[in-house]
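Working notes for the structure below.
The values are calculated or read from the model by the stated rules, or taken from the named source; none is laboratory data. None of these values were measured; they are calculated from a predicted model. Here the Cβ is made from the backbone with ideal geometry for all residues, glycine too, and neighbour counts use every protein chain on show. We work out accessible area using only protein heavy atoms, side chains counted, and drop any ligands, DNA or RNA first. Shrake-Rupley method; radii C 1.70, N 1.55, O 1.52, S 1.80 Å.
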Amino acid sequence: MKKILSIISLFMLAACDDGDIVEKYTFQQEGIKVSVDVTISGIDSWPDGYSVTLSGFSLPQNDKTAAEYSEISKQIIPNGNGSTHITLGGIPQSVNYLEITVLNRIRQRVATLWQKELTNDDKSSRDTLKIDAGTINAGMFNYIQNEYFTLKCANCHTGSPWAAGLSLKEGESYAALVNVKSAKRADLYLVAPGDTANSVLHKILKGKDEFPEATHNHSDKLDLEQDRILIDNWILSGAGEE
């Protein structure tokens with residue numbers, strides 16, 4: 001019996017050694033991989049609850065009718081001179097926009113600072129997609145100026161008497177707002193750093209119930225509640241100029 005078992009064992013060893021061993025499993029990171037170079041400033045001006053990130057989204061950034069949450073993100077931490085090299089791998093095929101963006105605590109986009117659409121060629125490539133995002137001013141007030149004051153307010157608020165003498169044009173708005181007493185309410189400031197309750201900007205964006213002295217209703221000037229929250233958080237964090 002032992003002799004029979006020995007013969008069977010020899011046959012089994014020969015079968016195992018016959019030919020090359022084929023590797024059954026190969027492990028490879030799925031998704032797209034990108035490498036982004038950027039020089040960025042103003043990140044520290046965003047208070048707790050916000051983070052500046054490299055993120056991927058599956059919805060167009062200008063579709064503000066839908067809640068937009070990042071599918072994948074990585075926080076940007078620049079070096080002393082603002083330059084940074086950031087790599088993000090495993091980006092799902094469903095992502096069609098790569099952005100440098102500000103996210104809130106629930107990873108919802110609140111500010112897009114730079115954007116690149118990912119093409120089908122980008123998604124099908126097995127190579128790392130290398131991108132130069134240039135120079136970006138990520139300052140919180142800079143974003144508020146560009147996205148709110150310049151686009152939605154400065155067409156009326158140019159400093160003319162009929163618009164309360166207030167200029168919200170770039171380069172003039174900060175000095176015209178911060179620590180400036182209200183002409184209509186002597187107990188309030190247009191923007192009181194760290195204090196929304198005593199800031200006309202906060203009140204006037206809430207509507208005439210909050211600031212009945214306003215000549216016009218301003219509550220419809222911002223698209224989303226998160227826009228008003230962002231401005232409030234800028235005031236509460238000290239209303240910095242960066």
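Assorted remarks:
- Evaluation of residue 188 against (1) in contact with a helix residue (DSSP H, G or I) (Cβ under 9 Å, 6 or more places away or on another chain); (2) under 26 Å from residue 51 (Cβ atoms); (3) at pLDDT 95 or above (one fails), failing number: (2)
- Residue selected from the range 181-228 under the condition in contact (Cβ under 8 Å) with a residue 40 or more places away in the chain and among the aliphatic types (A, V, I, L, M), by the criterion surrounded by the most Cβ atoms within 10 Å (Cβ to Cβ): 191
- The lone exception for residue 156 - which of (1) in contact (Cβ under 8 Å) with a residue 24 or more places away in the chain; (2) among the hydrophobic types (A, V, I, L, M, F, W, C); (3) in a loop (DSSP other than H, G, I, E, B) it fails: (1)
- Taking the range 89-117 as the range and being part of a loop (DSSP other than H, G, I, E, B), polar (S, T, N, Q) and surrounded by 16 or more Cβ atoms within 10 Å (Cβ to Cβ) as the test, the residues that pass are 96, 104.
- Flag if residue 242 is in a loop (DSSP other than H, G, I, E, B), within 20 Å of residue 110 (Cβ to Cβ) and open to solvent by 30 Å² or more (accessible area, probe 1.4 Å): yes
Residue-wise test of (1) out of contact with any Pro (no Cβ under 8 Å at 6 or more places or on another chain); (2) among the basic types (Lys, Arg); (3) not in a helix (DSSP H, G or I).
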residue	(1), (2), (3)
150	yes, no, no
176	yes, no, no
183	yes, no, yes
186	yes, no, yes
201	yes, no, no
205	yes, no, no
208	yes, yes, yes
214	yes, no, yes
222	yes, no, yes
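- Extreme residue, modelled with the highest pLDDT, among residues of the range 106-133 that are out of contact with any Phe, Trp or Tyr (no Cβ under 8 Å at 6 or more places or on another chain) and under 16 Å from residue 52 (Cβ atoms): 114
- The range 128-141 residues that are open to solvent by 30 Å² or more (accessible area, probe 1.4 Å), paired with ones that are assigned to a loop (DSSP other than H, G, I, E, B) (beta carbon under 6 Å, 6 or more apart): 137/42
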